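Peer 1: I'd like to ask you about the structure that follows.
The values are calculated or read from the model by the stated rules, or taken from the named source; none is laboratory data. Model, not experiment: these values are computed from the prediction. Cβ placement follows ideal geometry from the backbone for every residue including glycine, while neighbour counts extend to all protein chains displayed. When the accessible area is computed, the model is the full protein with side chains, heavy atoms only, and any ligands, DNA or RNA have been set aside. Shrake-Rupley method; radii C 1.70, N 1.55, O 1.52, S 1.80 Å.
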Amino acid sequence: VCYAEFGVRVPKTTGSAYTYSYVTVGEFVAFFIGWNLILEYLIGTAAGASALSSMFDSLANHTVSRRMADSVGTLNGLGKGKQSYPDLLALVIAVIVTIIVALGVKNSVGFNNVLNVLNLAVWVFIMIAGCFFINGKYWAEGQFLPHGWSGVSMILTLMVPYYAIDTESPLMEMFVARGFYAAKFIVAIGSVAGLTVSLLGSLFPMPRVIYAMAGDGLLFRFLAHVSSYTETPVVACIVSGFLAALLSLLVSLRDLIEMMSIGTLLAYTLVSVCVLLLRYQPESDIDGFVKFLSQEHTKKKEGILAECEKEVCSPVSEGEEFSGPATNTCGAKNLPSLGDNEMLIGKSDKSTYNVNHPNYGTVDVTTGIEADETENIYLIKLKKLIGPRYYTMRIRLGLPGKMDRPTAATGHTATICVLLLFVLMFIFCSFIIFGSDYISEQSWWAVLLVILMVLLISILVFVILQQPENPKKLPYMAPCLPFVPAFAMLVNIYLMLKLSTITWIRFAVWCFVGKQLPVKP
């Protein structure tokens, strides 16, 4: 929901959370988010290709891996065990998908929906069919959660002992272990559908993020080149596809997934932080993002893709409404369209949330009611629950009233509290994970420290709650501020710290490499 609000703040853009951050909170945070989104998409593509390779190998009864090991040989240090073979099949899959993306084939929403329905249907089949083969003895005698909470699956571990799980294709092989061979091919259909969506979902946005960052001078400028033939950022496609293919060839699926997780979780954490920061800032500090998007940012874009985006997605002049279907003058097949914008906003009326409307973000154009006069459903329910004591409680707790507006001072207070909240949550999650032995032994100092940190986190959240929110009305806004973004931060930080040490080292190296890249203002 925080990511969705970020997207609505800066609609019709290339570059996902990177562009949202660049426009709203500045270049430094935007580069950090964009660089980690590239890591997420890069490794997501490699992981998808590697997983598809493992699935095809499993369908062929592991003849592919055996023949590869015999013909190519095995090497040490590939991250797949002491002796492992280079996964040439994964490399070929990654190269094929890269070629498809570079040629400008549009990622059809309908095609993706069909694949997602197939994937979901197979998951339902796995859970229902698996219930007929479960055996409680596999959880007995110390076999329940043998390695803690990380990665444990109920149906899988009740069908196959945890030590006998196939590490390459566990969901397909668990039915084979119980004699249900037909189920293996049913699961394979879902695997192909899900992994194909994952591959396309990673490789389609990655060149666009690279293109946006290169256009802003945060990456090499040649990566922003757009082919006049395919109307795609073809150089970014080739470079990202080559790197993904190389990773899928040499790195294990498990290591790829852990690296992808840390990039994703960090990006979502920063998005949650940014939503908290923006909602409590005065209008003067954030009212320039629409103008920036519609004027300066479009001027900075170069090449055919930028010109097409301007012609297809922007009104002819400021304040002018869309009078009909947009005309794609350059014939680009993969650019944002009016239809995409309608799906994002969730409104068929183009005039309702036009970013060029003078009252966008402040007044509901359909009713003319200011944002502060409209109450969300949660607040209405709370009023009904508490009754007349609601207003008395608000005054005693120091909560802002309807007419209160953020100032520079309250915005500064909210910013300090959010940053302190981030640091404190990091320390809290670190202690919960790495000091769990002391907590489980109920050492007095450990319990006291946990209680103290919980109290400090609660106080910071309450202080943020006391600050007046910006009255800007958006087509979608994250509910229950500041609790939802704060909870998202806590969960994401906890999950990041649960990842292995080597993953953090690799991540630090990735960030260091990004820091050394030339930056042009």
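Peer 1: Taking a probe of 1.4 angstrom, what is the accessible area of Thr264 in Å², to the nearest 10?
Peer 2: 30 Å²
Peer 1: A further question follows. Kindly report the accessible area of the range 407-521 per residue (heavy atoms of protein chains, probe 1.4 Å, no ligands, DNA or RNA), in Å².
Peer 2: 56 Å²
Peer 1: Carbon and sulfur together cover what percent of the accessible area of the range 111-156 at a 1.4 Å probe radius?
Peer 2: Taking all protein chains in place, the range 111-156 shows 71 percent carbon and sulfur surface.
Peer 1: Find the centroid of the Cα atoms in the range 1-72 and in the range 239-282, then give the distance between the two in whole Å.
Peer 2: With the range 1-72 and the range 239-282 each reduced to a Cα centre, they are spaced 7 Å.
Peer 1: How high is the relative contact order of the range 1-68, in percent, counting Cα pairs under 8 Å that sit 6 or more residues apart?
Peer 2: Averaging sequence separation for qualifying contacts and normalising by length gives 16 percent for the range 1-68.
Peer 1: Sort all Cα-Cα distances of the range 113-192 into consecutive 10 angstrom bins from zero, then give the percent of pairs in each bin up to the one containing the longest distance.
Peer 2: Computed distribution, short to long bins: 18, 49, 27, 5, 0.
Peer 1: Now for a separate question. Could you tell me what percent of the accessible area of the range 189-237 is made up of carbon and sulfur, with a 1.4 Å probe and every protein chain present?
Peer 2: Looking at the range 189-237 in its full context, I get 71 percent from C and S.
Peer 1: Might you work out the accessible area of Met127 for me, using a 1.4 Å probe with all protein chains in place, and round it to the nearest 10 Å²?
Peer 2: Rounded to the nearest 10, that gives 100 Å².
Peer 1: Okay, next question. Above 21 angstrom, tally the Cα pairs of the range 376-521 and express them as a % of all pairs, no decimals.
Peer 2: Counting every Cα pair in the range 376-521, those more than 21 Å apart make up 61 percent.
Peer 1: Still on this structure, I have one more. Please sort 203-216, 494-507 by packing, taking for each peptide the average over its residues of neighbouring beta carbons within 10 angstrom, highest first.
Peer 2: 203-216, 494-507
Peer 1: Could you order the peptides 396-404, 480-488 from most to least packed, using the average number of other C-beta atoms within 10 Å per residue?
Peer 2: Order by mean packing, descending: 480-488, 396-404.
Peer 1: Something else now. Of the listed pairs Lys381/Lys472; Lys137/Lys184; Lys381/Lys498; Lys472/Lys498; Lys473/Lys498; Lys383/Lys472, which have alpha-carbon separations greater than 29 Å here?
Peer 2: Lys381/Lys498; Lys472/Lys498; Lys473/Lys498
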